[in-house]
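Derivation of every value follows stated rules applied to the coordinates shown; laboratory data play no part. These numbers were taken from a predicted model, which means no experiment stands behind them. Using ideal geometry, Cβ is built from the backbone for each residue, glycine included, and neighbour counts are taken over all protein chains shown.
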Amino acid sequence: MRTPVPSLPSPMPEIEVAATPRRGVPAVVLAHPGDDSPEFGPGGADLTAEWATALGLTGKAGEVNLAADHAAGVRWVAGIGEGAAADWRKTGAALVRAFEARAETDSDAGRKVARSLQLTLPEGTTEDQISALVLGVSLGGYRYKVSSAEKPRLKLLRLVTAEDLRPAVDRALAYAQGTAATRDMGNTPSNVKNPAWLAAAAVKLAAQLPGLKVEVRDEHWLAEQGFGGLLAVGGGSASPPRFVELTWRPARAEGPHIAYVGKGITFDTGGISLKPADGMHLMRTDMCGGASVIAALVTIARLGLPVRVTGLVPIAENHVSGSSYRPGDVVRHYDGQTTEVTNTDAEGRMVLADAIGYAVRRVKPDLIVDVATLTGAMKVSLGVRTGGLFSTDDALAARITDAGTRSGEAWWRMPLLADLEDEVVSEIADWRQCPPGPGGITAALFLRKFTADIPWAHMDIAGPARAEKTYDEVVPGATGFSTRTLVELAASYTR
């Protein structure tokens, strides 16, 4: 019997845009650094300097104070910092966490629990600011827990602002939904999330979006087509591999045809090159690159972006058994190239090589972007909040970095060092899977061999795809990192 898990996708607060506040709904006021008396509510009383001092208000981003007894009826004061988009996102996340912590306290004490908030936005609020606020509120309270106990949540945030900001709110909600969907798939335990489950999740998420086509291929099709890397990696598991292809073809497309390729390893033991026990439980998130591609395609379709995008997700479980692939094996990939296996824990590049080759031969895109929790070396190099970016095209690399900046995700471009290219060459096959040297770079050099000189970028998210502590809009577990960048990259070709 399978473990019951939360429904997909997870619920988020409803965001309402209105011209006027609603009586009786707890309100929020935004404060900047140096504000002695931020105005409370529309035309309401002022906060005195003495009370601001008593509350310890500094106005810094993410500072949230409860002010329950003020005569104007305002319940919360939230610092907004200097007003950058990142400040608004951080404040939105801190606000929803503070609200839900208070709601839990009230519930435990048997007091009436508030379910909604309202916030009158200041004049001059920009689309970037309100979008960041909505992302923070939507994602900051995200939780994934297999439990019978349900804690109180924020159900509604009423934003009192101009109607012309509603499109920005709707776009931000779509981005937040995509990020949350990636988190959901990443956090689902691997006794539930086998390759068939992840493929079914893609079908479910896309089901309500006209024009988004999803095809799921099984192990028999993979064998007929020659997906040697995916079959080798998945050969040690009782759960056979899958290959998901999502297709978005709007009637009036602009810009290039983009192929997104995402690693979908639903659990990674390392195979015969077994991982240490410490930290192996985190390998349920080793499919977050694939989840990001699925969620990005769903979000692109939800927004109706006029750009052609194909999403390819090779899915397998890298397990240990008598049928596991071995170091020393030689594997033939979809495009006919061969790889000498040197470490079965470098399985991600094996499945990506098949999918990238398929993209080149069958999809024929104008550019390819792959995303994967690929190397621990990249986590060592860049930490856990920045993704590694490799590319054969300067313009594409710059566009991805800019897309990340706009969506609140940081990328750092890494080199494809020419002096390491010979390390990828094998004596008994075309390529050596896991050559010596800086692991993130040599992995990227290996993947480049399958791109056939099509403009290509590789996004290594081994660090930021998962988190162990709360920061900004991120909570422990799968973060959804890269989903918003993929959507924003596609959107950048339509402006």
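When the alpha carbon gyration tensor of the chain is reduced to an equivalent ellipsoid, the three semi-axes, largest first, read 44, 23, 20 Å. When the GluC sites (Glu not before Pro) in the stretch 412-495 are filtered for DSSP coil states and for at most 15 other beta-carbon atoms within 10 Å of their beta-carbon, the remaining sites are Glu427, Glu468. Based on Cα contacts under 8 Å between residues 6+ apart, the chain shows a relative contact order of 15 percent. Note down the relative contact order for the stretch 421-460 as a percent, whole number, built from C-alpha pairs under 8 angstrom at least six residues apart. Reported as a whole number, the value is 31 percent. A straight line joining the Cα centroids of the stretch 332-410 and the stretch 113-164 runs 34 Å. For the stretch 190-264, the set of trypsin sites (Lys or Arg not before Pro) satisfying both a DSSP loop assignment and a count of at most 16 other C-beta atoms within 10 Å is given as Arg252.
For the stretch 191-290, what does the relative contact order come out to in percent, with C-alpha contacts under 8 Å and a separation of six or more? Could the numbers behind the result be given before it?
Working: 100 pairs, mean separation 28.3, N = 100.
Relative contact order here is 28 percent.
Listed by Cβ neighbour count within 10 Å, with the fewest neighbours leading, Lys275, Lys112, Lys449 appear as Lys112, Lys275, Lys449. Once you reduce the stretch 423-495 and the stretch 200-264 to the center of their Cα atoms, the two points are 18 Å from each other.
For the chain, the longest principal axis of the alpha carbon atoms and the long axis of helix 347-358 meet at an angle near 80°.
Taking label points 7 Å from Cα along the Cα-to-Cβ direction, Arg413 and Ser7 give a separation of 4.5 nm.
Quickly estimate the mean residue ellipticity at 222 nm for the chain, helices only: each DSSP H run with n ≥ 4 gives -39500 (n - 2.57), and the total goes over all residues, rounded to 500.
Details: 13 runs with 162 residues, N = 495.
Helix-only estimate at 222 nm: -10500 deg cm²/dmol.
Compared with the dominant principal axis of the Cα atoms in the chain, helix 195-206 is inclined by about 50°.
Can you tell me the orientation of helix 439-448 relative to the chain, as the angle in degrees between its alpha-carbon axis and the longest Cα principal axis, to the nearest 10? Computed tilt is about 70 degrees. The distance between label points at Ser321 and Lys151 comes to 3.8 nm (points 7 Å beyond Cα on the Cα→Cβ vector). Here the stretch 75-93 and the stretch 285-319 have alpha carbon centers that stand 31 Å from each other.
DSSP assigns beta bridges within the chain; of those with both partners inside it, close to 40 percent run antiparallel.
Would you mind getting me the FRET efficiency between Asp422 and Thr338? Use the beta-carbon distance for r and R0 = 22 Å, nearest 0.05. Could you put the intermediate results ahead of the total?
On the way: r = 17 Å, r/R0 = 0.78.
The formula returns an efficiency of 0.80 here.
Max-minus-min Cα coordinates of the stretch 403-471 on each principal axis give 47, 28, 18 Å, with the largest extent listed first.
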